[in-house]
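First comes the structure, then the notes that go with it.
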Amino acid sequence: MASEPCYSKVADEQLDEIEMSGDHELFNDLVNACEDILDNPGRARERSAAITTTEGVRFRFPVQGRAPYKIFWSSEGPRIEAVYPYPS
């Protein structure tokens, strides 16, 4: 049985768009934050706000030094769901 991807199609497309924009520092900071979430979901949960969506609970993780960028993720997997500027 194949494991579920760590990134949703939406998150993949958003990250691809940021990478193609030429802002490589932003892209690297976002990817590093995503890796932190995937490698340490317990610690990431402590730094995240929880919101309830129609899809269930999603966590909103602030990207340090990159306000207003947030990473939305689910604990199932864990999996990165979306990456975009989101006001606090």
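Give the residue from SER21, ILE51, LEU38 lying farthest towards the positive end of the charge dipole for the chain; charges sit on Cβ (+1 for Lys and Arg, -1 for Asp and Glu) and the dipole is referred to the Cα centre.
Final value for the positive-end residue is ILE51.
Per residue Cα convex hull volume for the chain, in cubic angstrom?
Residue-normalised Cα hull volume stands at 102 Å³.
Place a +1 charge on the Cβ of each Lys and Arg in the chain and a -1 charge on the Cβ of each Asp and Glu, then give the dipole magnitude about the Cα centre in debye, rounded to the nearest 20.
Its charge dipole is roughly 480 debye.
Distance between Cα centroids, segment 58-80 to segment 11-35: provide it in whole Å.
13 Å
No lab work stands behind these numbers, since they all come straight from the coordinates. Being a predicted model, the structure only gives us computed values, none of them experimental. As a convention, Cβ positions derive from the backbone with ideal geometry for all residues, glycine included, and neighbour counts pool all protein chains shown.
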